[in-house]
Amino acid sequence: MAAKKTIKKEVAFFGFGIHSGKPVDLRLIPSDSGEIVFRRSDLKNLEFRLSPENIKTKNCTTLVTDKGKIQTLEHLLAVFWVNGIDSLTIELNQEEIPSMDGSALHFARAVQRVGLRELPGKKSPQKITQSLFIQEEDASISVVPDNELRITYQIEYEHPSIKKQDLSIVVNPENFEMEIAPARTFGFLEEVPALQKQGLALGGSYNNTVVLDETNVINGPLRYPDEFVRHKILDFIGDLSLIGEPMIGHFNVKKGGHALHLRVVRFLLENPEYLSPDR
Ligand SMILES: [Zn+2]
């Protein structure tokens with residue numbers, strides 16, 4: 001069993017939504033509620049609760065209800081989940097979490113800086129008890145029992161600056177902040193016009209995206225030679241956090257994306273016999 005946690009002090013950020021391009025103020029407010037609640041101050045403080053049924057994935061992970069949405073949750077949620085923060089109010093005055101530098105580093109450092117406070121409530125990590133395999137064309141996720149949370153991720157692009165990248169990491173707050181949180185979003189220059197036509201990537205820039213032309217990274221240097229696969233792990237952690245509880249098991253993802261990530265979350269929530277509480 002582990003204690004539920006919140007942050008010790010309020011933290012504020014200002015930035016731009018990577019898709020909307022709009023400026024946004026974000027505040028993380030300590031709470032004893034035992035859950036993560038989003039509040040849109042621009043919609044009369046309308047509150048949103050995280051629930052996998054209300055998640056849509058299209059180039060990012062978005063919470064959608066009939067009253068409004070909160071877009072691009074994944075990097076922020078990854079920070080909370082890895083640090084065991086499950087009680088918090090997240091206030092914003094726009095529809096999208098600010099992209100900051102395209103990574104989770106600002107959020108991770110801020111949480112470390114203010115520190116965490118334990119709450120009376122308890123939670124049980126969920127342990128994977130049997131293997132499962134989800135496949136979608138040449139992409140797949142396999143999950144097997146393990147004694148810790150391990151993520152292995154493999155990507156393969158024809159692009160000469162990416163090619164094949166493969167990384168396996170045990171997820172804990174220290175590894176996350178050193179190895180995963182600083183890895184930035186990446187995008188291909190040639191795809192920008194099509195994305196922008198769909199209202200996506202309107203806030204994308206050299207300051208929040210590793211941009212690739214046909215052969216090179218335009219705005220290097222990279223933070224790691226394999227920054228791309230590290231960012232995919234960041235996105236996966238953010239998506240997996242929608243399970244709501246800490247997890248123990250080995251997740252092995254090949255060529256994943258948000259939609260496939262969400263399939264494993266939904267599978268585990270619909271098939272609880274694959275999980276058992278680790279007490
Ligand atoms: Zn991302």
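Quick look at the values:
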item	result
Residue pairs meeting the criteria (Cβ under 8 Å; at least 6 apart or on separate chains; first among the small types (Gly, Ala, Ser), in the range 59-85; second away from the ligand (no atom under 15 Å from the Cβ) and at pLDDT below 90)	Gly84/Ala2
In the range 6-52, the residues that are part of a strand (DSSP E or B) and among the polar types (S, T, N, Q)	Thr6
Among the residues listed as Glu136, Glu91, Glu156, the single one being acidic (Asp, Glu), at pLDDT 95 or above and outside the structural domain of Asn208 (by TED's automatic domain parsing)	Glu91
Check on Glu53, surrounded by fewer than 20 Cβ atoms within 10 Å (Cβ to Cβ), free of Cβ contacts under 8 Å to residues at least 12 places away in the same chain and not assigned by TED's automatic domain parsing to the domain that holds Tyr206	yes
Selection status of Gly256, outside any helix (DSSP H, G or I) and touching a strand residue (DSSP E or B) at 6+ places or on another chain (Cβ under 9 Å)	yes
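One line per residue, one yes/no per condition, for (1) farther than 17 Å from Arg266 by Cβ; (2) within 15 Å of the ligand (Cβ to nearest atom); (3) of a type outside the set (Lys, Arg):
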| site | (1), (2), (3) |
| --- | --- |
| Asn45 | yes, no, yes |
| Pro52 | no, no, yes |
| Ile55 | no, yes, yes |
| Lys58 | no, yes, no |
| Val64 | no, no, yes |
| Leu73 | no, yes, yes |
| Leu76 | yes, yes, yes |
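The values are calculated or read from the model by the stated rules, or taken from the named source; none is laboratory data. Predicted, not measured: the structure shown is a model, and the values here were computed from it. Quick reminder, even Gly has a Cβ in these numbers, built from the backbone with ideal geometry, and neighbours come from all protein chains shown.
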